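This report refers to the structure that appears directly beneath it.
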Amino acid sequence: MTPAVELLKRQRRFLQASVLRRNPGPSWHTPNHVIVEEDAYRLRVFETARCASAIPLLIVPPEVNRSHIVDFGEGQSLVRTALDAGFARVGVIDWRSATGRARQRGVDDSLGTILDAVDALGGRVH
């Protein structure tokens with residue numbers, strides 16, 4: 001193979017790996033399900049087989065980061081730590097990107113979201 005052909009192949013691999021690749025969406029390490037979905041957020045619930053009547057833990061990540069940072073991966077999961085520590089149910093507010101109507105949200109809206117999450121989890125949370 002000529003050096004020019006090799007260079008073109010390397011450039012193509014670089015473009016495919018950097019510029020042309022699809023940016024995968026955030027992933028959650030621990031199995032969960034969404035119980036509330038709104039324009040500005042989703043409420044994800046992580047559960048164990050233990051008593052479902054126990055008071056759940058609600059994790060509210062900062063709105064400025066991706067919410068999945070609380071369940072990033074093996075050995076890097078606040079959610080897994082809480083489940084292993086004895087919480088049978090953990091809720092996480094999964095903030096969505098500020099587009100459309102969510103762009104106009106303020107602090108009062110964020111507090112309302114937290115209160116809505118508390119209600120959706122049964123009215124009492126840690």
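Can you name the residue in segment 1-38 that is charged (D, E, K, R) and either under 30 Å from ASP84 (Cα atoms) or open to solvent by 80 Å² or more (accessible area, probe 1.4 Å) (or both) and, of all such residues, is modelled with the highest pLDDT?
Checking each candidate, the answer is GLU37.
Considering each residue of segment 86-115, count those that are open to solvent by 30 Å² or more (accessible area, probe 1.4 Å) and within 12 Å of VAL60 (Cβ to Cβ), and give that number.
Qualifying residue count, segment 86-115: 3.
Being outside any loop (DSSP other than H, G, I, E, B) and more than 19 Å from ALA98 (Cβ to Cβ) is the filter here, so list the residues in segment 45-69 that pass it.
Across segment 45-69, the qualifying residues are VAL45, PHE46, GLU47, LEU57, LEU58, ILE59.
I need the full set of residues from segment 70-83 which are in contact with a Ser or Thr (Cβ under 9 Å, 6 or more places away or on another chain) and part of a helix (DSSP H, G or I), in order please.
VAL70, VAL79, ARG80, LEU83
Look through VAL118, VAL90 and report the one residue that is under 17 Å from HIS33 (Cα atoms), in a strand (DSSP E or B) and in contact (Cβ under 8 Å) with a residue 12 or more places away in the chain. So that I can check it myself, show each step before the final result.
On the way: VAL118 fails: in a strand (DSSP E or B).
Answer to the check: VAL90.
The values are calculated or read from the model by the stated rules, or taken from the named source; none is laboratory data. Everything numeric here is computed off the predicted structure, so don't read it as measured data. Note that each Cβ is placed from the backbone with ideal geometry, even for glycine, and that neighbours are counted across all protein chains shown. The area values use the complete protein model at the heavy-atom level, side chains included, leaving out ligands, DNA and RNA. Shrake-Rupley method; radii C 1.70, N 1.55, O 1.52, S 1.80 Å.
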